[in-house]
Protein chains: 2
Amino acid sequence: MEEHTNRAFDADLSALARKIGDMGRLDEKQIKDAVEALEKRDAALARNVIQAEVQVDALQREIEEKAVATIARRQPVAVDLREIVGALRISNDLERIGDLAQNIAKRVLLLGDAFPPSPVVLQLDRMAEIVLSQLRQVLDSYERREVAAALEVWRKDQEVDALHTSIFRELLTYMMENPRNITFCTHALFCSKNVERIGDHITNIAETIYYIKEGKPVSEARPKADMTSSGSLPS
Amino acid sequence: MEEHTNRAFDADLSALARKIGDMGRLDEKQIKDAVEALEKRDAALARNVIQAEVQVDALQREIEEKAVATIARRQPVAVDLREIVGALRISNDLERIGDLAQNIAKRVLLLGDAFPPSPVVLQLDRMAEIVLSQLRQVLDSYERREVAAALEVWRKDQEVDALHTSIFRELLTYMMENPRNITFCTHALFCSKNVERIGDHITNIAETIYYIKEGKPVSEARPKADMTSSGSLPS
């Protein structure tokens, strides 16, 4: 690319990265608020999360438009092309993360005043904290294009999966102990699964950062410790 | 565009549409096999579904590459651009559908020989049949770019949501009746949710067909009859 084309491309790329940063911060707030709404049974906060989802969707469409326009105008190749394709992929994962946070908020509205088995809520909270720190770190790695930090996030997802497995087992036990727990625990199961899936999308983002920088997929198999849909369970 | 550019663009577009057709047929098989594996507790079939997922992912990457190359080479505008962006969006939804079918297959491996409350399995089967017919119709509408047929699919998703709500309630009842049902029913809950979410991705595809042809989003609010995460539940 010529000098001035390079500058124009860099400006396009910065605009894309800025929008991804905005989307990521919105997702952070959505996860935080959804889990707080779950903990405190705060229906008003849950409704806020549900309404804010349109902003996440709008940002994704803006990123898609901007990415497509940049490909058409600048015809980038190699790492420049991977930057744009990477932005498209990351915005998809961020949109899914927003969607999963919204799903948690929707469940809050169903729980009414059923009493939660409190240790489970604490564990869910712990899981959400890890996921939030993972999200911050992956967004940071994207901003600085730091592959090592991204791979660290990628590996740490095992902790989230392990916590989900532990919550899953605990919830099954509560259900078996007392049928009155079943409705609450069922919703809590889905909430825990949603947080675990947010973790998966964060690892996708880490993989995309690797792909942008290295031009090839992460070669190690993704670490997996979620045993609830791929391993053994108490029966 | 000039005549020969038009022909070249049409060839690119046909190649993309062909790959989307391949991906859709693969998804059909994945859903069919996953649900059959669930019904018959066929672990070998479930493992096939899990292994075939790499093919779905590979097709998505091919479509992404082809779409990006076409945007850079042909710099399409208006409906031509929407065709390519539409192919990208549809391949994302088809990838998610494959993933959800794979999740069902993974749960089959966990169920062991726990006896399934058979009416639930029949209802799940019915739900999967509707979803399969929806998928066929939406792929057909895409091939023919028929907006009316796509909107029909879009509206019919309510049936899938209503069936999921009914299965969800029934499963909760089984769990409350007998704690021995809890493990099986929990997995069945997730399977039903996965089928319902496959339905959502099919409606996304219908919306994309509308967007390609009309250049604007579907204006009616999406019909929703899934009450398990947005309405009332037996407590």
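The values are calculated or read from the model by the stated rules, or taken from the named source; none is laboratory data. Computed from a predicted model, the values in this text were never measured in an experiment. Ideal geometry is used to build each Cβ from the backbone, glycine not excepted, and the neighbour counts take in all protein chains shown. In case anyone asks, the SASA skips ligands and DNA or RNA and just uses the protein heavy atoms, side chains included. Shrake-Rupley method; radii C 1.70, N 1.55, O 1.52, S 1.80 Å.
Sorting B:Glu159, B:Glu177, A:Glu196, A:Glu36 by accessible area (1.4 Å probe), largest first, what list results?
The ordering from most to least exposed comes out as B:Glu177, B:Glu159, A:Glu36, A:Glu196.
Take the alpha-carbon positions of the stretch A:1-123, form their convex hull, and give its projected area averaged over all directions (one quarter of the hull surface) in nm².
Averaged projected hull area, Cα only: 8.3 nm².
Using θ = phi - 60° and the Karplus relation 6.51 cos²θ - 1.76 cosθ + 1.60, list the HN-Hα couplings for the stretch B:92-105 in order, rounded to whole Hz, with x at every Gly or Pro.
4, 5, 5, 5, 5, 4, x, 4, 5, 5, 4, 4, 4, 4
If the chain between B:Arg155 and B:Ser133 were fully stretched, how many nm would it gain, using 0.36 nm times the residue separation less the Cα-Cα distance?
Extra length from B:Arg155 to B:Ser133 when fully extended: 6.6 nm.
Calculate the all-directions average of the projected area of chain B's alpha-carbon convex hull, and give it in nm².
Over all viewing directions, chain B projects a mean Cα-hull area of 12.8 nm².
Which distance in nm do the two modelled labels at A:Thr5 and A:Arg180 give, with both placed 7 Å along the Cα-to-Cβ direction?
According to this spin-label approximation, the distance is 7.2 nm.
So which residues of the stretch A:55-70 lose at least 10 Å² of accessible area, probe 1.4 Å, when you go from the chain by itself to every protein chain present?
Checking the loss per residue gives A:Arg61, A:Glu64, A:Val68.
Nearest 500 deg cm²/dmol is fine: what mean residue ellipticity at 222 nm does the protein assembly as shown get from its DSSP H runs of n ≥ 4 alone, each adding -39,500 (n - 2.57), divided by its residue count?
My calculation for the protein assembly as shown gives -30000 deg cm²/dmol from helical runs alone.
Quote the Stokes-Einstein diffusion coefficient, in whole µm² s⁻¹, for the stretch A:56-174, based on the Kirkwood radius over alpha carbon pairs, a temperature of 25 °C and a viscosity of 0.890 mPa s.
So the translational diffusion coefficient is about 144 µm²/s.
Over chain B, calculate the relative contact order: mean separation of alpha carbon pairs under 8 Å at least 6 apart, over the residue count, as a percent.
25 percent
If the only charges are +1 at each Lys and Arg Cβ and -1 at each Asp and Glu Cβ, what is the size of the charge dipole of chain B around the Cα centre, to the nearest 20 debye?
240 debye
As a test of the definition: which semi-axes, in Å, follow for the stretch A:71-130 when you take the square root of five times each eigenvalue of its alpha carbon gyration tensor? Largest first, please.
The equivalent ellipsoid of the stretch A:71-130 has semi-axes of 41, 14, 4 Å.
Compute the signed sum of charges (Lys and Arg +1, Asp and Glu -1) over the other residues within less than 15 Å, Cβ to Cβ, of B:Leu59.
In short, -3.
In debye, nearest 20, what is the charge dipole magnitude of the protein assembly as shown about its Cα centre with +1 on Lys and Arg Cβ and -1 on Asp and Glu Cβ, if you could check?
Charge dipole, the protein assembly as shown, about its Cα centre: 320 debye, nearest 20.
For B:Met176, what charge total do you get from the other residues with a beta carbon under 14 Å from its beta carbon, if Lys and Arg give +1 and Asp and Glu give -1?
Residues near B:Met176 contribute 0 overall.
Would you rank A:Lys40, A:Lys213 by solvent-accessible area, highest first, keeping every protein chain in place and using a 1.4 Å probe?
Correct descending sequence by accessible area is A:Lys40, A:Lys213.
Using a label point 7 angstrom from Cα along Cα-to-C-beta, what distances in nm, from shortest up, separate A:Lys216 from the other copies?
Spelled out, the distances from A:Lys216's label point are 4.9 nm.
With the cut-off at 30 Å, tell me which of the pairs A:Lys216/B:Lys193; B:Lys156/B:Lys216; A:Lys213/B:Lys19 have Cα atoms farther apart than that.
Working: A:Lys216/B:Lys193 34 Å; B:Lys156/B:Lys216 21 Å; A:Lys213/B:Lys19 28 Å.
Distance filter (> 30 Å) returns A:Lys216/B:Lys193.
What distance in nm separates the two pseudo spin-label positions at A:Asp125 and A:Ala58, each 7 Å out from Cα along the beta-carbon direction?
The two pseudo-label positions are separated by 3.3 nm.
State, to one decimal in nm and shortest first, how far the label point of B:Ala148 sits from each corresponding label point in the other identical copies (label point: 7 angstrom along Cα-to-Cβ).
Label point to label point, same position, other copies: 6.3 nm.
Give me the distance in nm between label points sitting 7 Å out from Cα along the Cα-to-Cβ direction at B:Arg73 and A:Asn48, one decimal.
About 5.0 nm separates the two model spin labels.
Net charge near B:Gly98: determine it from the other residues with C-beta under 9 Å of the C-beta of B:Gly98, scoring Lys and Arg +1 and Asp and Glu -1.
Around B:Gly98, the surrounding residues sum to -4.
So which residue of A has the beta-carbon closest to the axis that swings A onto B, and how many whole Å away?
Residue of A nearest the axis onto B, distance in Å: A:Ile71, 2.
Just how much of A:Arg126 is accessible, in Å², when a 1.4 Å probe is used and the result is rounded to the nearest 10?
120 Å²
How large is the translational diffusion coefficient of the protein assembly as shown in µm² per second when you combine the Kirkwood radius over alpha carbon pairs with Stokes-Einstein at 10 °C and 1.306 mPa s?
Once the numbers are plugged in, D ends up at 69 µm²/s.
To the nearest hundred square angstrom, how large is the accessible surface buried between A and B, total for both chains, probe 1.4 angstrom?
3200 Å²
One decimal, nm, shortest first: give the distances between the label point of A:Asp125 and those of the same position in the other copies, each label point 7 Å from Cα along Cα→Cβ.
4.6
If only Cα atoms are counted, what is the Rg of the stretch B:129-204, and what is its Dmax, in Å?
When restricted to the Cα atoms of the stretch B:129-204, Rg and Dmax are 15.4, 50 Å.
Give the aspartates and glutamates reachable from A:Lys29 as a straight Cα distance under 13 Å; neighbours fewer than 8 places away on the same chain don't count.
A:Glu53, A:Asp99, A:Glu129
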